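**Student:** This is the structure, below, for whatever I ask next.
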Amino acid sequence: MNISCPDFEGLVPEEFEEYKSLRQAEDADKKSSTISFQMRPEFDERFRALTVKELIHGVLNDELGGKKYTVEEAETWTNNIATSVRNKVKDLGFKRYKYVVQVILGEQRGAGVKIGSRCLWDADTDNYASDVFINDSIFCMTVVFAIYFY
């Protein structure tokens, strides 16, 4: 079997090894100059919980302001709030963050509600923002969890 390769043609084994090691060094230089790995977001790219809380507050007031609770519309309101909040948070442009939006909506009848969440995350980069809307007939709590994608 005869294999010819123009790059190696006419090289003796010692020259081949030298050529091969030079080629590997060049490839390593190319990789090191093109690949960068960022472990933490820059300060101005971090998730800003206060900004997102204000955004959530605006969406809740727009969607639920002046409305009375009805079972038929509760699911639609919940979906609209979650979608609107998610899209607006994405538009803020926090790089490399993944979001989880949770909306809890119910009828206000004077009973207490306790809501808890648990998550394992990096306290340096990950964060959350939440806001609550309450009127005479509706309560709604919305939370956005922002997880930095390494």
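**Student:** Mind ranking Cys140, Cys119 by accessible surface for me, highest first, 1.4 Å probe?
**Tutor:** Final ranking, largest accessible area leading: Cys119, Cys140.
**Student:** In Å², what does the accessible area per residue of region 90-150 work out to with a 1.4 Å probe?
**Tutor:** For region 90-150, the solvent-accessible area averages 65 Å² per residue.
The values are calculated or read from the model by the stated rules, or taken from the named source; none is laboratory data. What you see is a predicted model; the values in this text were computed from it and never measured. Ligands, DNA and RNA are stripped out before the accessible areas are found, and what is left, the full protein with its side chains, is counted by its heavy atoms. Shrake-Rupley method; radii C 1.70, N 1.55, O 1.52, S 1.80 Å.
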